[in-house]
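Have a look at the structure below before the remarks.
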Amino acid sequence: MSVEPIRWRGDALELLNQLRLPREVVYVRCNTAHEVAEAIKSMVVRGAPAIGVAAAFGMALAKMRGDDLQFAAIELKQARPTAVNLAWAVDRMLRVQGAKAEAEAILREDVEANRRIGRFGAELLGAQATVLTHCNAGALATAGYGTALGVIRSAVEQGKRIAVFADETRPYLQGARLTAWELQQDGIDVTLITDNMAGHFFQQRKFDAVIVGADRIAANGDTANKIGTYTLAVLANVHGVPFYIAAPFSTIDVATKNGAAIPIEERSATEVTEIGGTRIAPDGVAVRHPAFDVTPAKLITAIITDRGVLRPPFEESIARCYRSRP
Ligand code: MRU
């Protein structure tokens, strides 16, 4: 894909402003770790791997400016709590000397990991398949190529005929605004549906597979991803459709025992009561807005990582893969 979600300019970080897509392709320039943390919080940049890469450059900026690194690390880590890639990237940056080079390596490695995820995942799809995805786990959510959408890109590159159904993904509409746009840019067949249409299309046997990303995968395979993912996993299981998670190995947090221990970010009520800045709900109504939910490992067919496809029991396959890491 031609659009770069994250651009390093040598002295500043430029982030494609995902709040303005698909209507405008504009970048936000960040000169400090604080500005990067604000961009992550406000979702100028979003998606677990992408916020990890952005945070790495935030740490590089702090180092270049001689700012307090511990302070920058805390501010960046607190920007969003669920995606483990954020803390992973910040901790990696704290361990090295050459900050710019390390951040550039994290960016490069993410794209390479996504290409490997793509190749492993494409094997799981037939010559012709319709795939349901949720949120945006594409190039925009990573340093490039994408995880769930990387699998789709790779299958399409191999000549497979893949059609994608994208859930709009209320309340932030990552599916409608980002996935639909990103796939259109690459000429990949995409159909947009609202979240509540998914069950209907499962009944119609429309889907051959569900592929989504992840914000954090616990040691037992329980997976936190965009709110609404769990609903799709239940539907997929009821209808006998394989349910795949696609994520780099850095999204697996072996220090988190199971899904119950994953912190779930609660975002503002206005993201639920408003659409595109227009209020749709009555004033004063009580609102809940968990941004993620947890899909239990037992509903997951396989986890597609950059080190291969992990199968249940995940406790064992994850531990095996973790032990054999380079
Ligand atoms: O709130 P978001 O848009 O950051 O949520 C993103 C997701 O849930 C993605 O599926 C996940 O981060 C994986 S992105 C490759």
- Message: When you check Gly118 against the structure, is it in contact with a helix residue (DSSP H, G or I) (Cβ under 6 Å, 6 or more places away or on another chain), surrounded by 24 or more Cβ atoms within 10 Å (Cβ to Cβ) and part of a helix (DSSP H, G or I), yes or no?
- Response: yes
- Note on the structure: Of those in the stretch 33-57 that are surrounded by 18 or more Cβ atoms within 10 Å (Cβ to Cβ) and part of a loop (DSSP other than H, G, I, E, B), the residue nearest to the chain's Cα centre (by Cα) is Gly47
- Task: Filter the stretch 275-292 down to the residues that are open to solvent by 60 Å² or more (accessible area, probe 1.4 Å) and under 24 Å from the mean Cα position of the chain (by Cα), then identify the one that is modelled with the lowest pLDDT.
- Result: Gly276
- Query: Does the stretch 250-258 contain at least one residue that is assigned to a strand (DSSP E or B) and at pLDDT below 95?
  - Reply: no
- Item | Residues of the stretch 259-278 satisfying the condition of being among the hydroxyl-bearing types (Ser, Thr, Tyr), in contact with a Lys or Arg (Cβ under 8 Å, 6 or more places away or on another chain) and in a strand (DSSP E or B) | none
- Task: Provide a single number: the residues in the stretch 144-184 that are in a helix (DSSP H, G or I), among the charged types (D, E, K, R) and surrounded by fewer than 23 Cβ atoms within 10 Å (Cβ to Cβ).
- Result: 2
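With surrounded by fewer than 24 Cβ atoms within 10 Å (Cβ to Cβ) and either away from the ligand (no atom under 16 Å from the Cβ) or of a type outside the set (Gly, Ala, Ser) (or both) as the only criterion, which of Leu140, Leu124 stands out? Reasoning before the result, please.
Values: Leu140 fails: surrounded by fewer than 24 Cβ atoms within 10 Å (Cβ to Cβ).
On inspection, the qualifying residue turns out to be Leu124.
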- Item | the stretch 70-86 residues that are farther than 19 Å from Thr256 by Cα and away from the ligand (no atom under 16 Å from the Cβ), paired with ones that are open to solvent by 10 Å² or more (accessible area, probe 1.4 Å) and of a type outside the set (A, V, I, L, M, F, W, C) (beta carbon under 9 Å, 6 or more apart) | Ala72/Thr32; Ala72/His34; Ala72/Lys63; Ala73/Asp91; Glu75/His34
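Going through the stretch 100-115 one residue at a time, which ones are of a type outside the set (Lys, Arg) and closer than 27 Å to Arg65 by Cα?
Of the residues in the stretch 100-115, the ones of a type outside the set (Lys, Arg) are 101-107, 109-114.
Of everything in the stretch 100-115, those that are of a type outside the set (Lys, Arg) and closer than 27 Å to Arg65 by Cα turn out to be Ala101, Glu102, Ala103, Glu104, Ala105, Ile106, Leu107, Glu109, Asp110.
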- Message: With the requirement that a residue be near the ligand (Cβ under 10 Å from one of its atoms), over 17 Å from Glu266 (Cβ atoms) and among the aliphatic types (A, V, I, L, M), what does the stretch 34-50 give you?
- Response: Val45, Ala48, Ala50
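If the requirement is being closer than 21 Å to Ala148 by Cα and in the same structural domain as Glu168 (by TED's automatic domain parsing), which of these qualifies: Pro313, Pro296, Pro282?
Numbers: Pro313 fails: closer than 21 Å to Ala148 by Cα; Pro282 fails: closer than 21 Å to Ala148 by Cα.
Exactly one residue qualifies, and that residue is Pro296.
The values are calculated or read from the model by the stated rules, or taken from the named source; none is laboratory data. Computed from a predicted structure; not experimentally measured. Positions of Cβ are generated from backbone atoms using ideal geometry, with glycine treated the same way; all protein chains shown enter the neighbour counts. When the accessible area is computed, the model is the full protein with side chains, heavy atoms only, and any ligands, DNA or RNA have been set aside. Shrake-Rupley method; radii C 1.70, N 1.55, O 1.52, S 1.80 Å.
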